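*Asks:* Attaching a single structure in structure tokens format; questions to follow.
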């Protein structure tokens, strides 16, 4: 009689049972090393495969998703992939809604699975009709036989991790785990894992890693660049009572750590993984030598090759300096004391306020943004108001000064990274009178043609 072949019937059977890997190099020199739960090894490449199955199973059981139906969901990409795999296996259609900060390869990946993808602006509140939450709601209403899993409120989301991820970690560490670190997005992963682990041992410490600007670590939901983690509202799938500590991590630290883990550990990880590892290393620095710290790595870096693994993108947003000679940051530094680094008018303020700001600060351009609170995010920049154009328009119609700045502004000035070469900036200034300088994704100042000339003049004399 022939022996049975070792073959799985479906990719869905491959979800879970991901390994633990010790991060020896990035945690070298700390009292204890950090152990990673490598979720990129799920068939869809992320931890989101787990709740995707659980949510669809629950919907089918409840009669909410019928044969031939359509799954509609707002996603940063990973949940969409998990849902698309389930849909392919069970004959459903998929419509996904994403914010415009997501890497283009994520959109392409979802479309490769046959999904319809809608991209929405990031810098709008959740209740705005163009937010990806609102668009998903509208598409659910408009699509016949549609079902929205709603990973932000679906109890099957944390349940997936209570039933699988948590027990796996407990078994793999033989119950020795002392700390669990994970990013907080929908809150499903950290809530489900924490609930299981604390049932086994209430002393296990649960640490949330959160982007700077997200509500979980005290922000108000202002834009940030790391994807798939953090929020601008409090999902019901997240139970904050289970989290002992939350660590805020900047985009710069998240991306630097992701690149470091990839190059030192040989694990190609995403930006939110960098957020989690950065937080885990902070925990390890203060931990006892016998502590067992597990950090969950939610996905692969393959979905971010055009962004955090692109030196060009990283330089453009002010995370890297790739030039050998003078950079635009040097020009900005030379301006210190001469003019304010950044002059901002909110888009809802009257345009005449721009006149006052330009006069008070002795500048010819002001940045129009949705807020004037610093640090400003690049996505919060709406446009520019320049004195020459405003003067010409006010001469023809003085009432324009009483209109909101958002109605009077022209497109935003070009943005350049603080580490870009002066040579590159000169090329940009050939097409625009000023540029907005970014550092770590945040606008920090304006450089004009005269600023560059002032910077170069002493060098020309010395030669």
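Read-outs throughout are calculated quantities, based only on the coordinates presented, and are distinct from any laboratory measurement. Everything numeric here is computed off the predicted structure, so don't read it as measured data. All Cβ positions, glycine included, derive from the backbone under ideal geometry; neighbour counts span all protein chains shown.
*Asks:* Counting each pair of different Cα atoms once, what's the Kirkwood radius of region 248-356 in Å, rounded to one decimal?
*Replies:* Hydrodynamic radius (Kirkwood, Cα only) of region 248-356 equals 17.2 Å.
*Asks:* Working from Cα positions, state the angle (0 to 90°, nearest 10) between the long axis of helix 78-90 and the longest principal axis of the chain.
*Replies:* Rounded to the nearest ten degrees, it is 40.
*Asks:* Taking Rh as the Kirkwood radius, which is the inverse of the mean 1/r over Cα pairs, what is the Rg/Rh value for region 378-448?
*Replies:* Looking at region 378-448, the ratio lands at 1.05.
*Asks:* For region 252-319 and region 100-149, what is the separation of their C-alpha centers, rounded to whole Å?
*Replies:* A separation of 27 Å, based on Cα centres.
*Asks:* Next question. Once you have a ≥ b ≥ c as the square roots of the Cα gyration tensor eigenvalues for region 1-65, tell me rounded if a/c is under 1.5, and otherwise prolate or oblate according to whether a/b is larger than b/c.
*Replies:* Here region 1-65 falls in the oblate category.
*Asks:* Return one quarter of the surface area of the convex hull spanned by the alpha-carbon atoms of region 317-462, equal to its mean projected area, in nm².
*Replies:* Averaging across all directions leaves 8.9 nm² for the Cα convex hull.
*Asks:* Kirkwood Rh and Cα-based Rg: tell me the resulting Rg over Rh for region 146-258, rounded to two decimals.
*Replies:* With Rh from the inverse mean 1/r over Cα pairs, Rg/Rh is 0.99.
*Asks:* How do 75-81, 130-136 rank on mean C-beta neighbours within 10 Å, highest first?
*Replies:* Those peptides, ordered most packed to least, come out 75-81, 130-136.
*Asks:* So how do 202-210, 167-175 stack up, highest first, on mean other-Cβ count within 10 Å?
*Replies:* Ranking the peptides 202-210, 167-175 by packing returns 202-210, 167-175.
*Asks:* Run the quick spin-label model on residue 423 and residue 306: label points 7 Å from Cα toward the beta carbon, then report their separation in nm to one decimal.
*Replies:* The modelled label-to-label distance comes out at 2.7 nm.
*Asks:* Given region 309-385, report the % of alpha carbon pairs whose separation exceeds 15 Å.
*Replies:* Every Cα pair in region 309-385 considered, those over 15 Å come to 65 percent.
*Asks:* So for 66, 321, fewest C-beta neighbours within 10 Å to most, what's the order?
*Replies:* Going from least to most buried by this count: 66, 321.
*Asks:* Right, something else. Once the Cα atoms of helix 132-142 and of the chain are each reduced to a long axis, what angle between those two axes, in degrees from 0 to 90 to the nearest 10, is obtained?
*Replies:* 60
*Asks:* Let me ask you something else. Roughly speaking, what is the stretch gain from residue 163 to residue 359, that is 0.36 nm per residue apart minus the C-alpha to C-alpha distance, in nm to one decimal?
*Replies:* 64.3 nm
*Asks:* Sorted from fewest to most neighbouring beta carbons within 10 Å, what does the list 363, 243, 15 look like?
*Replies:* Listing 363, 243, 15 from fewest to most nearby Cβ atoms yields 363, 243, 15.
*Asks:* Using a basic spin-label model with each label point 7 Å from the Cα along Cα→Cβ, how many nm lie between residue 374 and residue 236?
*Replies:* Each label point lies 7 Å from its Cα, and together they span 4.2 nm.
*Asks:* Give the relative contact order (percent, whole number) for the chain; include only Cα pairs under 8 Å separated by 6+ residues.
*Replies:* With pairs under 8 Å counted, the relative contact order is 13 percent.
*Asks:* Assuming 0.36 nm per residue, please report the length gained on full extension of the stretch residue 25 to residue 10 beyond their Cα-Cα distance.
*Replies:* Working it through step by step, the gained length comes to 1.8 nm.
*Asks:* Beta carbons within 10 angstrom, averaged per residue: use that to sort the peptides 322-335, 411-424, highest first.
*Replies:* 411-424, 322-335
*Asks:* Okay, next question. Give the Rg (one decimal place) followed by the Dmax (whole number) of region 49-147, computed from C-alpha coordinates and expressed in Å.
*Replies:* For region 49-147, the Cα-based Rg and Dmax read 12.9, 37 Å.
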